[in-house]
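Student: Take a look at this one; I'll ask things after.
The values are calculated or read from the model by the stated rules, or taken from the named source; none is laboratory data. All values reported here derive from a predicted model rather than from experimental measurement. Here Cβ is always computed from backbone atoms with ideal geometry, including for glycine, and neighbour counts include all displayed protein chains.
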Amino acid sequence: MNKAITDGVVFQPPSFADGLDVWSSEDGTPGTDTYDNAINALFVPADQDFGAALEIQKVDTTTRVRYMGETPILPGCYLLVTARVKCLSGIFPNVRIGAWAGGAGGTNVLGVVQTGTTKTLDTYGEVVEVSAIIGTGARGGVDMVWGTEALYGHFGLDLTGPNGGVIRIDDIQIEDVSSAFLGDRLGSVDVLDYGAIPDGATDSSAAFEAADSAAQGREVYVPEGSYFLASDVTINNRVRFVGSVTMPDDKQLLLAKNYGLPAYEDAFGDEVIGFKKAFQVLMGFSDHESLDMGGRRIRLTEPLDMQAAVVNRTTFATRRVVRNGQIQCDPSADWDDTTVTSPGTYVTSNPLQLTDVTNAASVEVGSLVEGAGVGREVYVAAVNKVGRIVTLTQPLYGAAGTQSYTFRRFKYALDFSGWDELSQFVLDSVEIQCSNLASGILLPKAGTIFHVKDCFITRPKDRGITSAGTGCQGMMIDRCNWFAGDADLDVESRTTIGFNTNANDIKIRDNRIVRFKHFGIIGGGGSSISGNHYFLGDGTTDGVRKGGIVFASTNVKAYVTGNYIDNNFIEWTNEYEADPDFADQLTFGGLTITGNTFTVNDVAPWFRFIVVKPYGPGFSINGLAVIGNVFKSLNGSIDRVEDVDTSFADLNYNTTRNITFEANTFDGVTDDTFNPIRQTHEELSPQQDWFVEFAPRLPFGGRLRHVEAVVPVGPIRDGADAIQYDTPYVSLGQGVGGSQARVSWPAPMKGTIAIMARMDRPD
């Protein structure tokens with residue numbers, strides 16, 4: 001509300017330049033003395049600080065300046081009186097706003113405050129401003145509460161304190177500040193007053209911006225109706241929507257003061273459109289780094305295309321955050337997978353392409369590729385429809401030649417695949433309720449540091465987070481809760497996978513994961529997987545278990561530390577190689593597994609916690625540390641904790657190097673595993689050759705390749721029972737499996753030795 005606008009009320013007194021005969025030196029009432037021709041006052045037409053000004057000398061105990069006009073006092077109307085003064089010479093006085101409250105019959109309303117807060121002048125030439133708010137109600141910030149008895153006032157200022165100072169006074173200002181005290185529509189600026197038309201068709205863009213310009217800190221009010229905005233519109237003041245707006249997809253509405261999803265839902269009258277338009281502003285305006293969903297839930301019946309919402313950008317590399325809300329998927333046919341089957345040709349010399357794909361024009365980017373010789377989580381990165389070429393995210397290990405492929409496009413609640421590159425994007429405290437209808441998040445084609453933290457990914461139908469490119473570079477997934485859509489099925493029947501990666505340097509930390517087929521298929525290197533609790537089992541006795549974390553390349557440069565690995569195992573393969581036979585590439589290496597708790601229950605003895613699966617012959621292990629873990633089997637024991645899956649090929653044990661198995665705890669495991677391994681051997685009767693067996697305690701059933709020490713435990717005696725001091729020599733790789741050491745003496749001996757050996761070369 002502003003009475004000067006709505007009712008034509010004049011509050012502002014005239015300038016001193018218009019004459020001093022309306023400025024009283026007393027209380028401002030009719031007949032009192034004025035400053036016109038006063039001996040202690042003069043008009044200054046051009047002060048350097050004020051322009052027109054009144055100069056007076058303080059000669060009375062209280063020297064008053066009062067406008068003699070009757071400024072109305074109206075219920076609900078609050079006036080701000082402001083005066084600027086400076087002392088030119090003489091003794092410094094005090095200054096305050098002064099007033100005279102006039103009631104019915106021209107009488108002074110007694111018992112109300114008629115002066116403002118006093119300030120003391122203390123520097124010559126310094127401009128000092130004093131102000132006071134006058135109104136009818138006792139509200140915070142009102143200096144003079146006059147109630148309803150006062151009908152008008154004579155306003156000005158008082159000089160108090162010592163006499164003699166020469167003071168200059170700027171024109172006194174009186175303005176209506178009711179909007180600072182009155183809520184709802186009072187004190188707001190209505191867009192209708194500036195030409196907006198609520199017919200849903202007439203462009204009201206200029207009217208909205210004109211109302212905002214006039215608001216000057218007050219609220220912009222959008223009354224009931226539908227308003228069409230054909231252009232970009234920025235509202236710098238707070239805005240309240242009772243009505244709603246519509247806009248073209250490529251135009252944005254920037255709500256600078258109350259940016260957030262609740263305001264955009266109000267503005268567009270639809271939660272999904274409101275989210276899209278708020279996200280559009282987030283990615284197109286530099287003043288906001290985050291979109292707060294305000295705890296709101298958005299219900300989706302189709303995938304949310306996160307690039308189409310922005311329209312005019314396909315790349316973005318500045319930190320942006322969407323936080324504090326929920327996405328819920330509701331039933332709709334738009335969640336159904338799109339499946340295309342087509343023949344295509346694969347050659348290992350061109351490992352990331354399928355050529356001559358008959359139905360290439362129908363294949364969607366982001367589709368899962370299925371076929372003989374295709375590894376897990378291989379996706380379509382790009383499609384050349386004219387050239388009938390499909391670009392893959394990973395090579396195919398055994399698909400050379402021509403065959404039929406299936407391209408299955410899952411539908412994702414949040415689909416970022418339209419972004420060619422998106423970096424430093426964060427989802428924070430957002431729950432994605434997939435409802436077993438949709439998958440969770442499809443990452444952009446490229447980018448770095450996509451960060452998902454403190455989120456819930458609940459019941460995804462197919463995938464939690466999918467990378468169909470390199471948008472997973474440096475990805476971080478922290479403190480999220482995952483629950484699979486097919487969690488109620490037995491492990492062997494599940495199809496849902498938590499996440500996959502193709503690029504390097506991911507961080508997966510402190511998540512809780514429930515009953516996926518696999519938690520993660522990792523294709524890049526430099527991974528950090530720590531502090532997670534992933535339990536992927538079922539209630540089936542002697543049931544199948546799957547790899548929780550699957551490393552799909554050889555030299556992984558990764559560590560798995562401090563996790564609770566429940567009813568699943570670590571699987572290590574080279575399925576992302578077009579020619580999976582070992583030649584001159586890097587072999588399996590660079591994996592550290594430390595401080596984890598591995599547990600399993602109700603499984604067959606052949607279950608293993610660490611499985612290496614070469615997809616071709618000739619590979620060995622060069623760099624594996626398994627240290628300080630707990631391995632525990634409940635409701636039945638398992639044979640051992642590690643093994644090689646020889647479905648395609650075995651390892652080359654003659655070239656194995658740098659394997660460490662130590663400081664682990666085994667419970668419910670028949671054969672503990674150590675490397676280096678320390679054990680004692682006793683010969684009760686004299687023998688020249690002592691055969692020391694290390695199987696089955698060597699990792700992966702490997703050969704004995706190094707002995708670090710042989711130490712007698714007590715005396716070594718010959719056949720005559722005499723103590724001997726000869727030194728034996730050791731022959732490695734003895735026995736059928738090469739797991740024995742032959743300790744040879746110069747003559748037959750008996751006694752006990754301690755021997756420390758390895759199944760690898762440590763150098």
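Student: Identify all residues within segment 465-511 that are in contact with a Ser or Thr (Cβ under 7 Å, 6 or more places away or on another chain), small (Gly, Ala, Ser) and closer than 19 Å to Arg408 by Cβ; write none if there are none.
Tutor: If the condition is that a residue be in contact with a Ser or Thr (Cβ under 7 Å, 6 or more places away or on another chain), small (Gly, Ala, Ser) and closer than 19 Å to Arg408 by Cβ, then Ser467, Ala468, Gly469, Ala484, Gly485 are the ones that fit.
Student: Here is a further query. Can you tell which of Asp250, Asp193 is within 32 Å of the chain's Cα centre (by Cα) and either surrounded by 20 or more Cβ atoms within 10 Å (Cβ to Cβ) or outside the structural domain of Phe11 (by TED's automatic domain parsing) (or both)?
Tutor: Being within 32 Å of the chain's Cα centre (by Cα) and either surrounded by 20 or more Cβ atoms within 10 Å (Cβ to Cβ) or outside the structural domain of Phe11 (by TED's automatic domain parsing) (or both) holds for just one of Asp250, Asp193, which is Asp250.
Student: Where in segment 322-385 are there strands (runs of 3 or more DSSP E), lying wholly inside it, with at least 2 residues that are at pLDDT 95 or above and in contact with a helix residue (DSSP H, G or I) (Cβ under 9 Å, 6 or more places away or on another chain)?
Tutor: 338-346, 380-384
Student: Still on this model: Take Val81 and tell me if it is at pLDDT 95 or above and farther than 21 Å from Trp23 by Cβ.
Tutor: Considered against the rule, which asks whether it is at pLDDT 95 or above and farther than 21 Å from Trp23 by Cβ, Val81 comes out as no.
Student: Which condition number does Glu302 fail, the rest of (1) of a type outside the set (Lys, Arg); (2) in a strand (DSSP E or B); (3) over 18 Å from the mean Cα position of the chain (by Cα); (4) surrounded by fewer than 19 Cβ atoms within 10 Å (Cβ to Cβ) being met?
Tutor: (2)
Student: To continue, here is another question. Under 6 Å between Cβ atoms, at least 6 apart or on separate chains: pull out the pairs that start in segment 659-675 with a residue that is within 16 Å of Gly702 (Cα to Cα) and end on any residue that is assigned to a loop (DSSP other than H, G, I, E, B) and of a type in the set (Asp, Glu).
Tutor: Ile659/Asp760
Student: From Asp18, Asp33, grab the single residue that is in the same structural domain as Glu129 (by TED's automatic domain parsing) and over 12 Å from Asp171 (Cβ atoms).
Tutor: After applying the criteria, what remains is Asp33.
Student: Being surrounded by fewer than 19 Cβ atoms within 10 Å (Cβ to Cβ), under 22 Å from Gly623 (Cα atoms) and hydrophobic (A, V, I, L, M, F, W, C) is the filter here; which residues of segment 730-763 pass it?
Tutor: Leu732, Met756 - these are the residues of segment 730-763 that are surrounded by fewer than 19 Cβ atoms within 10 Å (Cβ to Cβ), under 22 Å from Gly623 (Cα atoms) and hydrophobic (A, V, I, L, M, F, W, C).
Student: I'd like to verify a number: residues in segment 126-163 that are assigned to a loop (DSSP other than H, G, I, E, B), more than 48 Å from the chain's Cα centre (by Cα) and buried (at least 17 other Cβ atoms within 10 Å of the Cβ), how many?
Tutor: Number satisfying all stated conditions: 5.
Student: Are any residues in segment 239-264 closer than 13 Å to Phe279 by Cα and among the aromatic types (Phe, Trp, Tyr), and if so, which ones?
Tutor: The answer is Tyr259, Tyr264.
Student: Here's something else I'd like to know. Among the candidates Thr646, Thr660, single out the residue that is under 39 Å from the mean Cα position of the chain (by Cα), hydroxyl-bearing (Ser, Thr, Tyr) and not assigned by TED's automatic domain parsing to the domain that holds Pro696.
Tutor: On inspection, the qualifying residue turns out to be Thr660.
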